[in-house]
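Below: one structure, written as structure tokens.
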Amino acid sequence: MNTEQNIYFQEIFTGLSLANETFKSMVFEDCQFNDSSFIDCRFENCKFIHCKYNECVLSAINPLNCRFTEVEFIKCKVIGFDWTQTQQIKTLDFTKCQINYSNFSFLKIPMIRIFKCEAIEVDFTEADLNHGDFQYTDFEKSIFFKTNLSCTNFQQAKNYLIDVRNNTLKKARFSLPEALSLLFSLDIVID
């Protein structure tokens, strides 16, 4: 990939290994990234439109003022990604990914899909995730506080600690036995 080129359309990138690079004002539309790694990279004012990442590593990324529109990650490690630095997000899809230590706080990302993922210590504070799909995902030590989880699907998800008094859960779907963890915040005794 040539960092001097600003626009990429329907490109397929395979085997990229980039670290400590800065990318400015670049546009990636209908591009696919396969088996590539981006470590400690900085993206400034970039656009990712209808892009797909397959088996990639994106670690400690700073996406300053970037736009993500219908971006899909499959079997990727998207670790320590601070999504709050973005300018706009429309539809994110993670399937069989590790998104540990990422930050989605205060973002509005309806219909986000985090399916069969590992989401350890992820911050969802005051995020709007309505109609999200979180099936089969491990949310160990993740933070849900004043999060809009209306109409979300947590079936077969595990290790979530969601205070029913401090989050919006209208019509959210859960499955047993993990749904019993929703009772922890009610200060009740079950025998």
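The values are calculated or read from the model by the stated rules, or taken from the named source; none is laboratory data. These numbers were taken from a predicted model, which means no experiment stands behind them. Note: ideal-geometry Cβ built from the backbone for every residue, glycine included; neighbour counts use all protein chains shown.
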Practice item. Tell me which residues, restricted to the range 60-70, are modelled with pLDDT under 95 and surrounded by fewer than 17 Cβ atoms within 10 Å (Cβ to Cβ). Key: ALA60, ASN62
Revision key, fill the gap. Note on the range 1-41: residues surrounded by 14 or more Cβ atoms within 10 Å (Cβ to Cβ), of a type in the set (Val, Ile, Thr) and under 16 Å from CYS66 (Cα atoms) are VAL27
Exercise for review: Mind listing whichever residues of the range 71-85 are surrounded by fewer than 20 Cβ atoms within 10 Å (Cβ to Cβ) and not aliphatic (A, V, I, L, M)?
Suggested key: GLU72, LYS75, LYS77, GLY80, ASP82, THR84, GLN85
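Suppose the filter is β-branched (Val, Ile, Thr) and either more than 13 Å from the chain's Cα centre (by Cα) or not in a strand (DSSP E or B) (or both); does ILE120 pass it?
yes
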**Study point:** Cβ pairs under 8 Å, 6+ apart, first in the range 152-169 and under 15 Å from LEU129 (Cα atoms) and at pLDDT 95 or above, second among the β-branched types (Val, Ile, Thr) and not in a loop (DSSP other than H, G, I, E, B)
**Key:** none
Check your understanding: Looking at the range 8-27, which of its residues are among the charged types (D, E, K, R) and either in a strand (DSSP E or B) or farther than 19 Å from ARG42 by Cα (or both)?
Key -> GLU11, LYS24
Exercise for review: Could you tell me whether any residue of the range 118-141 is touching a helix residue (DSSP H, G or I) at 6+ places or on another chain (Cβ under 7 Å), over 24 Å from ARG67 (Cα atoms) and buried (at least 16 other Cβ atoms within 10 Å of the Cβ)?
Suggested key: no
Review point. When you go through ILE99, ILE114 one by one, which is the residue that is crowded, with 17+ Cβ neighbours inside 10 Å and either under 22 Å from LYS47 (Cβ atoms) or among the basic types (Lys, Arg) (or both)?
Key: ILE99
